[in-house]
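The values are calculated or read from the model by the stated rules, or taken from the named source; none is laboratory data. Remember, predicted model here, so these are calculated numbers, not experimental data. Every residue, glycine as well, gets a Cβ built from its backbone with ideal geometry; the counts of neighbours run over all protein chains shown. Ligands, DNA and RNA are excluded from the accessible area calculation, which covers all protein heavy atoms including side chains. Shrake-Rupley method; radii C 1.70, N 1.55, O 1.52, S 1.80 Å.
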Amino acid sequence: MITGERMAAVDENAAALGVPQKQLMESSGNAVARAVRDLVEPGATIAIVAGRGNNGGDAFVAARFLEEYDVTTFLLGRAGNIGTKISQENWEILEQADYDAREVRDSSQFDLPDCDLVIDAMLGTGISGGLREPVATAAQAINAADATVLAVDVPTGFDADGGDHAANRIEADHVVTFHDTKPGLADLECPITVADIGIPAAAERFVGPGDIDLARPDGRNGRPNIIGGGPYTGAPALAAQAALRAGTELAFVAAPDTVAGEIQGYSEDLIVQPYEEDVLTSKQATDLLETVENYESPVVIGPGLGTADETLEAAQQFLSDYTGTAVVDADALQVVPDLETDATLICTPNRGELARMGGPEADDLEAVADDIESFAADLGHVVLAKGADDVITDGERTRISRSGTVGMKVGGTGDTLAGIVAALVEHADPLDAAAAAAHVNGLAGERLAERDEHGFLASELLTEIPTVLWDEGAPNV
């Protein structure tokens, strides 16, 4: 089962793997035509009612595979306003090849002819709320018609993500959906056909540009708290700066007052909140818990924290009582296996830390991805295992990020990753945020490696993070 949002990400990943959306649309249209042949005999009269998105584009393709039928294609809206290039191209093919293709520029112009079958391709996934004109008039006419209704991907007005179905939605007799079934389709009282359209399994398994789009912030938001520092000062500063570069509004660092000034010295953009201890203690954990629960933003705990017994006990106390989302990194990871908490944890161990937590020990993490998935399931938390290839899993779903370079073995790259995760989890669920963050961090390293394969520093990743996140013309924040 796959949501509409996730399906869009998979489509984009498939394109990055060499299977362009135009090819997928051709396969989808062919699948619609096959479904038509199963429902009506050659010579039957068919009305295609299409919108201006890719859902309509699938139906434009289908019309070309239905030569043995009497087909009329209705486009709701002006052809010049078709929303995607590939849908526009497929509409133009119908016009140039003299298919019966008509624009419906106003709802008053829509007149559904008598027909044996209607193909509903008006609106696809990701649509919620009541239908508006001219779709509302078309939907009313289709529902009232004495014809079989075949919906493309999902019935118009059916919300494939949130379940906010329109009251005036299409009541389909059959649905042909693509790649995988969509949430809620099984509840419909009609047959559902899932068509394989040639999307490689790798488009779901490997993290790609679609995952970044899925998790990308649409504005500055979030005020993560980084709890770290003491023995080491650079790590929490890197994590906090990475969070800012990935779109957070502010970034706080809680650290001992003995090192607070040094951490502040790394960047004037950080808000450093010192406490009167040399290391994290039980008292400070209690005070910090009250502070972060009020902010309702993610926590990063572990960078530079140290491994003193008192510190680890305080970290365990904090995480046991915390109820929000925490990215657990570095020294704090060792308290997680014995932890009972209501918090949502995203654990980011390297290969050695993963083994010490009780996970598999391997040089090639992808080779033991199934074992890491089982470990995450037992742990009850998301695991982002860092290696040459990163493995990201919540115990049920597992993703592999293949981005990165040997130069990222330099210290501090894991701290930047933790900060990126904290930023993206404000906008995406923990697994999607962790997967996208791993890919962004790795791609930032690849960009640096193009200039200097072995000599770049973790701090230099900070300049590349926003360029990776907001490439492809996406708005910067």
Tell me, please, whether a residue that is of a type outside the set (Gly, Ala, Ser) and over 15 Å from the mean Cα position of the chain (by Cα) can be found in segment 416-425. yes
Any chance segment 166-176 includes a residue that's touching an Asp or Glu at 6+ places or on another chain (Cβ under 8 Å), open to solvent by 40 Å² or more (accessible area, probe 1.4 Å) and at pLDDT below 95? no
Search result, residues across segment 256-314 that are out of contact with any helix residue (DSSP H, G or I) (no Cβ under 6 Å at 6 or more places or on another chain) and among the hydrophobic types (A, V, I, L, M, F, W, C): Val259, Ala260, Ile271, Leu288, Val292, Ala308
Entirely in segment 253-367, the helices (runs of 4 or more DSSP H) that have 1 or more residues that are under 28 Å from Asp432 (Cα atoms) and open to solvent by 70 Å² or more (accessible area, probe 1.4 Å): 282-295, 309-321, 351-357
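One line per residue, one yes/no per condition, for (1) in contact with a His (Cβ under 6 Å, 6 or more places away or on another chain); (2) open to solvent by 20 Å² or more (accessible area, probe 1.4 Å):
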site	(1), (2)
His179	no, yes
Arg205	no, yes
Asp213	no, yes
Pro217	yes, no
Asn221	no, yes
Ile226	no, no
Identify all residues within segment 184-201 that are under 30 Å from Arg402 (Cβ atoms) and open to solvent by 30 Å² or more (accessible area, probe 1.4 Å); write none if there are none. Val194, Asp196, Gly198, Pro200, Ala201
Out of all the residues in segment 25-48, is one or more under 21 Å from the mean Cα position of the chain (by Cα) and in a helix (DSSP H, G or I)? no
Selected residue [touching a residue at least 24 places away in the same chain (Cβ under 8 Å), over 26 Å from Pro349 (Cβ atoms) and of a type in the set (D, E, K, R)] from Asp321, Asp329, Asp269: Asp269
Yes or no: Ser374 modelled with pLDDT of 95 or more, over 22 Å from Phe318 (Cα atoms), of a type outside the set (Phe, Trp, Tyr) and within 21 Å of the chain's Cα centre (by Cα)? no
Return the only residue of Asp11, Asp114 being more than 28 Å from the chain's Cα centre (by Cα) and surrounded by fewer than 23 Cβ atoms within 10 Å (Cβ to Cβ). Asp114
Filtering segment 87-118 for residues that are assigned to a helix (DSSP H, G or I), modelled with pLDDT of 95 or more and either of a type in the set (S, T, N, Q) or within 14 Å of Arg52 (Cα to Cα) (or both) leaves a count of 7
Go through (1) assigned to a helix (DSSP H, G or I); (2) out of contact with any Gly (no Cβ under 6 Å at 6 or more places or on another chain); (3) at pLDDT 95 or above; (4) within 19 Å of Ala434 (Cβ to Cβ) and name the single condition Ile226 misses. (1)
Could you please tell me which pairs satisfy a Cβ distance under 7 Å, a separation of 6+ or placement on different chains, a first residue in segment 228-251 that is among the charged types (D, E, K, R), and a second residue that is part of a helix (DSSP H, G or I)? Arg245/Leu462; Arg245/Ile465; Arg245/Pro466
Pairs where the first residue, in segment 74-85, is closer than 14 Å to Asp111 by Cα and the second is hydrophobic (A, V, I, L, M, F, W, C) and open to solvent by 10 Å² or more (accessible area, probe 1.4 Å), C-beta under 9 Å, 6+ apart: Phe74/Ala101; Phe74/Phe110; Phe74/Leu112; Leu75/Ile82; Leu75/Ala101; Leu76/Phe110; Leu76/Val135
Please indicate, with yes or no, whether at least one residue in segment 122-135 is at pLDDT 95 or above and not in a loop (DSSP other than H, G, I, E, B). no
With (1) hydrophobic (A, V, I, L, M, F, W, C); (2) closer than 28 Å to Asp106 by Cα; (3) part of a helix (DSSP H, G or I); (4) under 28 Å from the mean Cα position of the chain (by Cα) as the list, and Leu214 as the residue in question, which single condition is left unmet? (2)
Could you please tell me which pairs satisfy a Cβ distance under 6 Å, a separation of 6+ or placement on different chains, a first residue in segment 450-466 that is within 14 Å of Ile420 (Cβ to Cβ), and a second residue that is in a helix (DSSP H, G or I) and open to solvent by 70 Å² or more (accessible area, probe 1.4 Å)? Leu462/Arg245; Glu464/Arg447; Ile465/Arg245; Pro466/Arg245
Could you pull out the residue among Asp180, Asp164, Asp146, Asp159 that is more than 28 Å from the chain's Cα centre (by Cα) and not in a strand (DSSP E or B)? Asp146
Is it the case that some residue within segment 397-405 is within 26 Å of Asp342 (Cα to Cα), surrounded by fewer than 24 Cβ atoms within 10 Å (Cβ to Cβ) and among the β-branched types (Val, Ile, Thr)? yes
